[in-house]
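Here the structure is laid out as structure tokens; the discussion comes afterwards.
The values are calculated or read from the model by the stated rules, or taken from the named source; none is laboratory data. Predicted model, so just to flag it, every value in this text is computed and none were measured. Cβ coordinates were reconstructed from backbone atoms using ideal geometry, including for glycine residues, and neighbour counts include every protein chain displayed.
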Amino acid sequence: MKTLIKNCNLISMSEKKEKYEECVDILINNDKIEKIDKNIIKENCDKVIDARGKVVMPGLINTHTHIAMSIFRDTLDGYGLQEWLNDRIWPMEDKLNQEDVYYASLLSCIEMIKGGTTCFNDQYFMTDSTIKAVLQTNMKIHCTRALMNVNGNGEEKLNELEQLINKYSGYDDNIKINVGIHSLYTCTKEYVKKAVELAKKYNLYVHMHFAENSKELEDIKRIHKTNAPINLLEEYFKGIDLVLAHCVKVQPKEMNRLKNLKLSVAHCPVSNLKLGCGIAKIKDFMVNGINIAIRN
């Protein structure tokens, strides 16, 4: 099937093209862009879209999500991170079933598509239900089964993740699995090492919350017996690709050490302000050449 988009305003990421061009045509053959040019002839096209006055651009990528949590949006205000999680969110999540996660994920997929997001990096549970929603909406997903062992069932979660890795290996190009460690304050040292071994075994990256607020740092110091949580990044994740969400409490003096790791930071300003965590030092990350993605 050939689709022709006519007269669009094109925002391109190609180094061979202008970043912004007006009145451009795009010819799509099945799922592949075949040609980008001015005044492409529309004969022999199955579908023609008049995009005059509209923008065509690459899809946005949301690098840190728990999309099934959309159903909790605006139900809880005025709480700090730990109280919000321990006393409110986790008890509600205990009552969710596969159908709940599927429909909540489907809602979020629809919202993301309407906002121009076509790919997202999700960390949650009942992952099959989220993937079901992704397949129905034809989005792209990087996802995981969130790993933690402070509340028990740690081995069960690891086994569940490895089953997901094997189940979806080569299953669909739109589905990629990674290793999602919830955080260093919800995982023991031994458990983190098992998760890292899983990442090495299947050559996957690790997606993890890090330095979201001050209490988290104190909990990490206590649980892992360290005076600086950044030490653990160097100890546990050497040579591992990392996506670290939040990083609000990373200090400027630590930037030189972070830039030597293989990491990207998922900046989450709305979440950080809602829970009173603060603002990540984005300028310092950028000055030190650390890749930043904004969670939209």
Boolean, residue 165 is assigned to a helix (DSSP H, G or I), more than 30 Å from residue 221 (Cβ to Cβ) and touching a Phe, Trp or Tyr at 6+ places or on another chain (Cβ under 6 Å): yes
Have a look at 190, 162 and point out the one that is touching a residue at least 24 places away in the same chain (Cβ under 8 Å), surrounded by fewer than 17 Cβ atoms within 10 Å (Cβ to Cβ) and either more than 28 Å from residue 282 (Cα to Cα) or aliphatic (A, V, I, L, M) (or both). 162
Given the residues 231, 174, 227, 203, which is the only one that is farther than 16 Å from residue 148 by Cα, touching a Leu at 6+ places or on another chain (Cβ under 8 Å), surrounded by fewer than 20 Cβ atoms within 10 Å (Cβ to Cβ) and of a type in the set (S, T, N, Q)? 174
Looking at region 159-172, is at least one residue assigned by TED's automatic domain parsing to the domain that holds residue 86, within 24 Å of residue 84 (Cβ to Cβ) and aromatic (Phe, Trp, Tyr)? no
Subset of region 241-277 (residues that are crowded, with 16+ Cβ neighbours inside 10 Å and either on the phi > 0 side of the Ramachandran plot or of a type in the set (Val, Ile, Thr) (or both)): 243, 246, 247, 248, 250, 265
Residue 198 being part of a loop (DSSP other than H, G, I, E, B), in the same structural domain as residue 264 (by TED's automatic domain parsing), at pLDDT 95 or above and touching a strand residue (DSSP E or B) at 6+ places or on another chain (Cβ under 9 Å): no
So is residue 205 assigned by TED's automatic domain parsing to the domain that holds residue 245, touching an Asp or Glu at 6+ places or on another chain (Cβ under 8 Å) and within 27 Å of residue 248 (Cα to Cα) or not? yes
Counted residues, region 6-24 - those being over 14 Å from residue 55 (Cα atoms) and in contact with a strand residue (DSSP E or B) (Cβ under 8 Å, 6 or more places away or on another chain): 1
Among residues of region 68-110 being closer than 30 Å to residue 218 by Cβ and under 16 Å from the mean Cα position of the chain (by Cα), the residue surrounded by the fewest Cβ atoms within 10 Å (Cβ to Cβ) is 69
Please work out which residue is farthest from the chain's Cα centre (by Cα), limiting yourself to region 1-21 and to residues that are loosely packed, with under 12 Cβ neighbours inside 10 Å and of a type outside the set (Gly, Ala, Ser). 1
Quick test of your reading of the structure: residue 281 fulfils all but one of (1) touching a Pro at 6+ places or on another chain (Cβ under 8 Å); (2) touching a residue at least 60 places away in the same chain (Cβ under 8 Å). Name the failing condition by number. (2)
